[in-house]
Each structure stands twice: as C-alpha cells, then as structure tokens.
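Everything below concerns the one structure shown next.
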C-alpha cells in the first residue's frame, strides 16, 4: 500500500521543525494551539453538522494559518469548503467552522474528524494535526423510520427456528397501558423502560439458542413481548415448542420471585406458566387450528403476580415451529435396551446387536460405535479396556445452530447410511433437511495408534460438535494450562488462553476408565455438568475429534496422544526455549536499559526481553499507529541503546504490538476493517478507560497491511530480535461478520493471525521468536510461544479467577504434557493475574507459589520490572539451570504421591525429575522436607530446591561448577507487625457512616504514616470499581503505636449519590503521603494492592439508603507465615542468612551476593565446593568486570572461610591453591 506518514511521524523520521505534541483534539506546534471543540452526538443521517476549530497564537507577530478538513471516514462527507484561511493577530485568537454530514452508510458508532493546519512564523514552519472523535447514534432515527415488519413463511415440513429470525418486533408496556413498539429487528435495552431483548446461546442445564428478555422496570413495571408475523403452512400437526428459564442471581442480589411466560396467537392466549426455574422447562403449544393462516405469534415475559421485576432476566430457549410428523425416534425403552446390549458388546468385544462397529486401539483399548436411526445424533459411542468402560450418547451436532440430536429442531436427519471400507474406516452419511434445503453431514471414523478419530464435515455451517452424555460421572477433570479438578460441579470453561487454553481435555471416570478428548479446530468451550453427566469439549466448524482411552489416568492418555497432535513447532520455538523472560511494563527506556545491564552483569543473559509500553501515543491508544516510540519515555536513541545492550549479550528482545483493537482516530480507519455483529453493528473492542477512548475489533483479514507498515518502520530503526502481539492467544479464534453481512469462519481468523506471526518472524530474521498473550494452543505451528496466564479457580466470579466449583483442585502440567516442545510458554501469569486478589509477596511473580508452578510445568521463568534486579537474579540463580535442562525435553509421566493432587512427581524423558508440594502439610522426599510450595528438581548434575532446613524455609541450587544458596534472612519489603480488624460501623443516617477499626500493633511503624479506608464494589462493564475512600492522620501517630489502637471515631464517610446500594468490600492500610503514597504491607488478609481485607460494608435500600452495617469475616485471617529467618542455615557447603552464588574457577571461587542485599555473614567450605583439597590464599572484592577493587577481611581455618559482605561490593574472589 502507499505509505503515508502522519505529520508527527514525518517530523520524527525526517527531522523537520514541526515538533508536534499530539493530544487528540488539542494540539500545540510552536506558537499555534489548534483545538477542535466537542461535537454533539449525531442523531440523524444526511443532516449538516458543525465542527468548530479554535486557534490561539502565542507569538508576538501575526500568524496566518491554512486549515484543511480531510480524512473523513466512509460515508461521512464534508459539506461546503474544506479549506479555510485564518489570520491570527499577535497573541491573538480566532475560530473557524467546517460543516459535514453522516451519509446513509454510517453506523451508530464513533467517527473521527481530522483538521490539519499549516503556517509560518518568520523562518519557523508550523504543521499541526488535530482529531476529534464524535459519536453517531441513530436509534431515534430508526424509531422514527422503522423497518417494515414483514411476514415469515414457515416451511411445510420439519422445524423452523425462531431464535435465528431477525425480522421480529419487540414491544413493551407498563401495566394497564398500551404497548410501545420498537423497530423491527431491534435489540438492546430500551432507554425509557429498560425493557431489553437480545439473542444468544444460554446454558440452563443444557446450552440452547435463546431469546433473552427482561420486563420493563424503569418508570414502572410491565411486560416485554417478542412478536413474529408467521404465514403458517397447511400441514398438520403444527406445533410451537420451546423451553424457558430465568437467570441466576448473585450472592449479593435478592432472588427473583419468578417470571410469567405467555404465548399468544394474535390476541388469544395459548400458554401461561409462572416459574422461577433456573434450568430449562419445556413448553408446547398446538397451532394446528391456525394451519394455512397468518398469525401474530407473541411471546410475553411478565414479572408475575407480585409485579416484582427483581432479577427477572429470562430466556426462551430453542423456540421452534414444527410442521408435519416428527422424524423416526427411539423410544426410552429402545434406548435403554440398546444401551444394555452395547455395554455388553463393548466389554466382551462380541457383536450381539446388529450395527455395532468395533475399533481396536493400540495398547489394548477398544472403541465401539452403534448408530441410531439418526446416525451419531442418537447413537452410542463407547470405550473399554480391562473391563473398564465409558459410554456416551453419540455426538451432539448442530448445523446453523440447529441440533440434530433433538426434536423439535430445524435440522432433521431424514436418512442415514453406513459403509465400512476394507481398511476399517467407517463412513456415516446423515442426510439432512434444513429449512427446506438438503445436505449430507458426513462422519468418518478410523483408528490411529491409541486413538479413535472422528472427522465430521457438512456443506452447511456446522456450529457445534461435542461428545454426548456419559453413562457415569467423571471424578477428575483436566483442561487448560493445567487444572486437575476433583469432583467438579457444573462449570463452563471458555476458549482462549486465560481458561480453556488447550484443544485436549481429560476425564477420569468412576469405574477406572480415563479418556482424553481433543479437536483439531480451536475449541469453543468445555462444559462440565455432572447432573446431566455432560463432559463435553465443544468446537466448530468441520473438525476431527480424537479420543484416547486408558486405565492409567488422564496424564497417561495425554502422553500417548502427544504423537497424534496435528501441529508441528514453528521455526522460532527452538531459539526461545528455556530463555528467562524479562516482561517489562512501563519505565523510561534508559532506566530499563540500566536495570537490564545490571542484571546481565549478574549472568542473567540466556534471556528474552519484552517491552510492553513504548507506543507513540501511549499504551493501547490510537492503535495501530505505534511508531515512533513514545517521546515521554525517552528518545529513539534511548530505545535503540536498549536493543544494543541486549544484542551485545546475546539476549533477544521485542516490542509489544496489538491488532485486535482499532481506534477511530488512527490513520486509515474505516468500518470496512471492522468486525460486525450478526445484526449489523460494528463490534466494540477495548475501552481505554483512562482516556474514555473506545476501540473497535479488527477484521482478522484486514490488519496485515498495517502490521507490515509498522514493521517496515520498526525493523530498520530498532532491529528487534523477537516480538509480542497482544491478545491472539488470549481470546479464541472467532467467527465474524463483515460490513456486508458475510459470515467468516474462525478458521479464517486463525489463518490470518498465523500468517501475521510468520511474516513478523521472517522480517525480523534469524528465526526471531514470536510471542503473544496467555498461550492457548490454537496457533501452534505459526506462533512460537506466549506468556502463560494460569489463573486461580473459584466457585464464584472474581476478577482474574476462573469459575469451576469443585471439591478440590490443583495446578498440573496438562498443557505441557502434550505441547512442551511445540510451544514455548513462559511464566505462569502476569503477577496480578496469577495472584488474583491475593498478596504479591506470597503469591505473585517472585513467590514460592508462582515459582513452584513454573517448575512443575517446566515453563521458562518470567519476572517483571518490580523484580529488578534482586528477585530476577534470585530466580535465575535458583532455577534457570533446571529450566534449561528440560526446555527441549518431554514429560514422561505425572504421578500424585499417595493419590494427593497437591503432591506431584513429574518425570521427564531425559530422566529429570521434579517433586512439588502445593499442599498445606510438609512433604518429606528423600529426607528433604518440602513445605507448601516447596519443590525438589533434578536433571543430571543440576538440582534446585525450595525446602526446609533446620526449621528455616530456604532455597538452594547446584550445577556444573555453580552453587547457589539463600538463607532468606532478609525480606526487602516485609510486612509491619500491625494487623487491622474491623470493630463496628456507626450509621449516621442518609448515606453517612463511620467505620471503627482496631489495630493490633506488636511493634510501631518505622515512621508516621496515614490511614486509608477503601470501600469497593465492582462496576458492571468496567475495570475501575466503585470506590469510596476515607481515612486520615491517626492519633497517636503510627511511629508510637503499640498494643491496640482505635481509628475512625472522628472520620465521617459518605456513599456518593452516584454509587449504588449493595455490598462493598472493606480494605484498609497505611501509606506514606510524603513518598508518592507508598503503601506499607501489614499483617492480615492482604490483597494484591497492599490492602488488608477486614469485612463487608452492606448499604441497604434501593435508591434511598435505609441502613449501613458491617459484616465481619466468617473466620479470622490465618496467621501470616514468617517472611525471613532470624538464624543462619547450614547448607553443607555454606552457612549464612544471606543469598549468594558461587562459581568454581580453576584457582578460585567467585562469590556473588544477591544484588541489593544488606551486609551478611558468610561461611564457605571450599573443599566441599571445589570437590578437592584446597587451601584458602586470600579474599578480594571485585567489580562486574572481575577487576579487583580491594582486599577483603576474612577468617580461615578448619576447612572454612568466614567473612562479611559489603553492599558496595559486586562480588568476591576466594583465591585457592
């Protein structure tokens, strides 16, 4: 494409004098300030709008400015002159206006208006470019000119699904008032009444395509209707079938008293039922007497006899008109008889039921298939080995969202044929009737090694595919980066790297059989519903499913599946494997370079550096215009220096990019490049809340030219040797509609994303590793690696938690059992995501919890800016050698000691072995005591451990000529010995209250600090919470605290009027107002923001507050574990409270204390370190280049050398002979 440089970019690249400081609608260049005033919301197409441009001249001489309006997007067009000449007096101001219109092709969405200004003051040339974003909202225009509400012809036979019909009409009414009709095809939430309507799949026991409704509740209560004009055929019988249910309510919400569901034909009521059921309830209406007529079918949702609309969101599931006789279906008795015969045949391998097809699998397992009258839609699929079995009710398949396994449905299997070839392949042809069209869905089955393959294809769009209902419960479920979930309750894990992450899942069923299920397309979700015995990996479109059964557990199935996985590693995997990752968010370029160079001096060089915040307009704004680098963080030369520092040490480095969010103020923006919803609306993407800047989702097939433009700018100037593109393995590959309404498959999305990574790797050269976020496996073969976002599980929705209620769970190496050598994951999450709402020191990126998860998976280690440099060096010295040893290895087995999922033994093909204890009780392994999150890892001569020695929690490692020990006698950010507890809330009326807090101070704070109180509540649709803050200066001051201290009696707080009632989490803490608000850690239930949770504030009432009260935690917080050891630890070769690395040289020992350590005493035993008889000759301090800086004092004797470190020394050399 033709390259066009924005003026700001031209100034940077070519050294012009523009010097532009871009700030959206307000821009300053030299003496000129250019400002575009806010543009009111545009509510009508083809109506002239006015944009006002204001100019200010700060020069002491006259300024003539040429203005030009251009680059309007799509159907937005200028009206009248697009060029203006404005003369500004010295120190003067002026304004000008431009006119424009939104043409018929514009959408209710955001649009840019660009104004360019050029001029000259003396010899100085001026060039400024401002852009103002305005919102178009044509809802009122649509209501004024509604679409025609047309009749729909119902087919004469089969089923007709109403959930996919777009030409419906929505109406609502207040009780006793006439209805208000909304435009045909409307969906959303009505501004006046808040009555709402939308469509989409809903799981209420089973997943169904549904109509989502909520009755009106703003300004009054009443009913909401969905209406269809139907031309019914003369066929009989003629029925309307559906399911209905209401939504769940949260713990903080009152329950719904139910919804009344009614069906009307014109003004005749045919059905009524009031229910508060949260699982699907079936309903049916006979329409036979209306055959051959046109009727208005009206579906009403009413709040019920009490007219209470609380939590009354409700669903009409799979609403379907059926005409004619139903297809041939098995009766319940026939199903039961077939199941018994099938089970017997599966166990014995003898055919007693005609039509059973057997498949003998490698390793002694057997699979069998018994098609039903509708083929696999009502057939049976089973697996057995050694008398252990599991049987499933065929496959759940849906074509154009119509399920083949159910009646009524718009997709009907009219005929079924089975053929088996000489090589054993079985073909099952399902002849479909779908809305009066004919199609053949083909299923092909064959064996491959230990697995059964099932390939399902259909010329009509296959929208769902999964294994059917099981005949027994799964006791343990495996999925994603590695969740082992014991006795799960119902949950749904969505596709994408933050949750499902893998296209293979595992089940260990009651009775002893395990089963791995996999698909070769990006999976949509995993559904686990023990009540329905559903254990389903759902995917679409045409796919190959693979099933590997076994009796030795799900991990054994996964390891045997590994050779069957269909994708090979891409070219950048090998260069990335095992590299330590510096994941850097924020900071000036020069500061980051200095920190990295300091880390490199400590040997942290088998590494990859990812710079996330550097983009021209700031992080995640005005994308994809990312180059040149943000000048607020330094110069281009500063960032080039960072790249050179990495290259000089053999460290790979890359920059963050994003092609999922397209901002309307970016160059080249057009809705031709944007994904649309099925009903024709541009799809919104990320909202940059700090700027209130709304982006829209890129069409996957449209961003590559923009990526190429950026890389052609970045690569010559910065020469990155790796890359990071956000989101592409965080969210799942998705189906999308374009502006013209054409549906594109998620396989197109995957291909487009994959092609982008291949291009980046090629332009960077040298097989430069490409990386992304969160690390799902759907781009293996194109993408080289990713950060792993390994979130906690919870039984309720919380930020950075996945919901999976269960009896117990643990992190396990599920992803890596299959793909460790195909895809290089690093870390186990950004610190805040891994720790969730827990403390960073105890659960974040530098913690034992986090490190033990990296060790058990074998992932490359990861640190962030807050780890620099001490914690980065600590992690590298402790575990990097082991990670390098297994980076190119594969997992051989995973075992639970004593059946305890929290005590894991991971064996690798090379003989490497890991013991990890993630349970609460200590675990003794080979006479080594592993505390919670402790581990012991061995690979040949390499060993690494976090363990308990002499009562101290410590860490150590060894490798060829290298040893490391850390006595953990220093915690740089230890918690103060002060614990807050909620005492009581004093309600003062209205929205005012006081919170009384008791502080148990075992020792005073080191200085006078301020108290803060936070009351927070999630804000729907936003990352920022509702937050009420209070606090102040306590009496006595914190430097004098001892014993029990009370605060809050003099501090009156108020819930703001724009904050809702309900529950607010209470957190409190101490901060230093004189040191940029630094928060001090305290004892207690610490969250991820250095706050202590002490209870819940309950604000009662609806609009008006009636009471404010305190709910204390159900149990006191557990005691905080000690964060540092007070006594030295004897490691055999060393005794110390400090941390150090020893490198064995031919005639010396190089001793490197952990950076940023205070002085500590150290005793070394050189003979045990060197492995031979040696004598200590001397001790000298050395710098990072190994040059002597001074002689150091020491004591030697009895095979030991003892000295104290000095924080000013880089390292020490112990001379030996």
Fill in the blank from the handout: Scanning the range 1164-1196 residue by residue, those outside any loop (DSSP other than H, G, I, E, B) and either touching a residue at least 60 places away in the same chain (Cβ under 8 Å) or closer than 15 Å to residue 1211 by Cα (or both) turn out to be 1164, 1169, 1178, 1179, 1180, 1181, 1182, 1188, 1189, 1190, 1191
Exercise for the section: Out of the residues in the range 1114-1129 that are part of a loop (DSSP other than H, G, I, E, B) and modelled with pLDDT of 95 or more, state the one that is farthest from residue 994 (Cα to Cα). Expected result: 1128
Completion exercise
When every residue in the range 662-687 that is buried (at least 19 other Cβ atoms within 10 Å of the Cβ) and free of Cβ contacts under 8 Å to residues at least 60 places away in the same chain is compared, the one nearest to residue 1023 (Cα to Cα) is 685
Exercise for the section: Could you pull out the residue among 1070, 1097 that is in contact with a helix residue (DSSP H, G or I) (Cβ under 7 Å, 6 or more places away or on another chain), in a strand (DSSP E or B), in contact (Cβ under 8 Å) with a residue 40 or more places away in the chain and in the same structural domain as residue 987 (by TED's automatic domain parsing)? Expected result: 1070
Exercise for the section: Tell me the strands (runs of 3 or more DSSP E) entirely within the range 752-800 that contain at least 3 residues that are modelled with pLDDT of 95 or more and out of contact with any strand residue (DSSP E or B) (no Cβ under 7 Å at 6 or more places or on another chain). Expected result: none
Exercise for the section: Sort out for me the strands (runs of 3 or more DSSP E) sitting completely within the range 924-1036 that have 2 or more residues that are on the phi > 0 side of the Ramachandran plot. Expected result: 1026-1032
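Just to check your reading of the model, which residue among 1144, 1176 is within 50 Å of the chain's Cα centre (by Cα) and over 21 Å from residue 974 (Cβ atoms)?
Values: 1176 fails: within 50 Å of the chain's Cα centre (by Cα).
Among 1144, 1176, only 1144 is within 50 Å of the chain's Cα centre (by Cα) and over 21 Å from residue 974 (Cβ atoms).
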Practice task
Would you confirm whether any residue within the range 280-294 is closer than 20 Å to residue 257 by Cβ and under 37 Å from the mean Cα position of the chain (by Cα)?
Solution key: yes
Practice task
Please work out which one of (1) modelled with pLDDT of 95 or more; (2) assigned to a loop (DSSP other than H, G, I, E, B); (3) under 30 Å from residue 1087 (Cβ atoms) is the condition residue 1108 fails and give its number.
Solution key: (2)
Practice task
Please report, ordered by residue number, the strands (runs of 3 or more DSSP E) entirely within the range 272-369 with at least 2 residues that are touching a helix residue (DSSP H, G or I) at 6+ places or on another chain (Cβ under 6 Å), outside the structural domain of residue 423 (by TED's automatic domain parsing) and exposed (fewer than 14 other Cβ atoms within 10 Å of the Cβ).
Solution key: none
Fill in the blank from the handout: Being farther than 30 Å from residue 1182 by Cα and within 31 Å of the chain's Cα centre (by Cα) narrows 1109, 1078 down to just 1078
Practice task
For the range 167-176, indicate whether the set of residues that are part of a loop (DSSP other than H, G, I, E, B), modelled with pLDDT under 90 and either in contact with a strand residue (DSSP E or B) (Cβ under 6 Å, 6 or more places away or on another chain) or surrounded by fewer than 16 Cβ atoms within 10 Å (Cβ to Cβ) (or both) is non-empty.
Solution key: yes
Practice task
Would you mind stating whether residue 183 is surrounded by fewer than 19 Cβ atoms within 10 Å (Cβ to Cβ), over 28 Å from the mean Cα position of the chain (by Cα), outside the structural domain of residue 529 (by TED's automatic domain parsing) and in contact (Cβ under 8 Å) with a residue 12 or more places away in the chain?
Solution key: yes
Handout entry: Entirely in the range 52-148, the strands (runs of 3 or more DSSP E) that have 3 or more residues that are within 30 Å of residue 181 (Cα to Cα) and touching a strand residue (DSSP E or B) at 6+ places or on another chain (Cβ under 8 Å)
Key = none
Problem - Yes/no for residue 717 being in contact with a helix residue (DSSP H, G or I) (Cβ under 8 Å, 6 or more places away or on another chain) and either over 26 Å from residue 462 (Cα atoms) or surrounded by fewer than 21 Cβ atoms within 10 Å (Cβ to Cβ) (or both) - result: yes
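Go through the residues of the range 863-881 one by one and say whether even a single one is outside any helix (DSSP H, G or I) and on the phi > 0 side of the Ramachandran plot.
The first filter runs over the range 863-881 and keeps only residues outside any helix (DSSP H, G or I), leaving 863-864, 868-869.
Applying the additional criterion that residues be on the phi > 0 side of the Ramachandran plot yields none.
Checked against the condition, which is being outside any helix (DSSP H, G or I) and on the phi > 0 side of the Ramachandran plot, the range 863-881 yields no hits at all.
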Practice task
Please state which of the following conditions residue 531 fails to meet, knowing it meets all the rest: (1) within 18 Å of residue 205 (Cβ to Cβ); (2) assigned to a helix (DSSP H, G or I).
Solution key: (2)
Problem - strands (runs of 3 or more DSSP E) enclosed by the range 388-507 - at least 1 residues per element that are surrounded by fewer than 24 Cβ atoms within 10 Å (Cβ to Cβ) and free of Cβ contacts under 8 Å to residues at least 12 places away in the same chain - result: 411-420, 437-448
Completion exercise
Within the range 254-271, the residues that are in a loop (DSSP other than H, G, I, E, B) and either out of contact with any strand residue (DSSP E or B) (no Cβ under 8 Å at 6 or more places or on another chain) or free of Cβ contacts under 8 Å to residues at least 24 places away in the same chain (or both) are 254, 255, 257, 267
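Would you confirm, using the coordinates I've provided, whether residue 746 is within 30 Å of residue 526 (Cβ to Cβ), without any contact (Cβ under 8 Å) to a residue 24 or more places away in the chain and not assigned by TED's automatic domain parsing to the domain that holds residue 519? Give the derivation first.
Values: within 30 Å of residue 526 (Cβ to Cβ): yes; without any contact (Cβ under 8 Å) to a residue 24 or more places away in the chain: no; not assigned by TED's automatic domain parsing to the domain that holds residue 519: yes.
Spelling it out, it is not the case that residue 746 is within 30 Å of residue 526 (Cβ to Cβ), without any contact (Cβ under 8 Å) to a residue 24 or more places away in the chain and not assigned by TED's automatic domain parsing to the domain that holds residue 519.
Test residue 901 against the criterion of being outside any strand (DSSP E or B), under 29 Å from the mean Cα position of the chain (by Cα) and buried (at least 18 other Cβ atoms within 10 Å of the Cβ), and give yes or no.
Answer is yes for this residue.
The values are calculated or read from the model by the stated rules, or taken from the named source; none is laboratory data. Keep in mind it's a predicted model, so treat the numbers as computed, not measured. Positions of Cβ are generated from backbone atoms using ideal geometry, with glycine treated the same way; all protein chains shown enter the neighbour counts.
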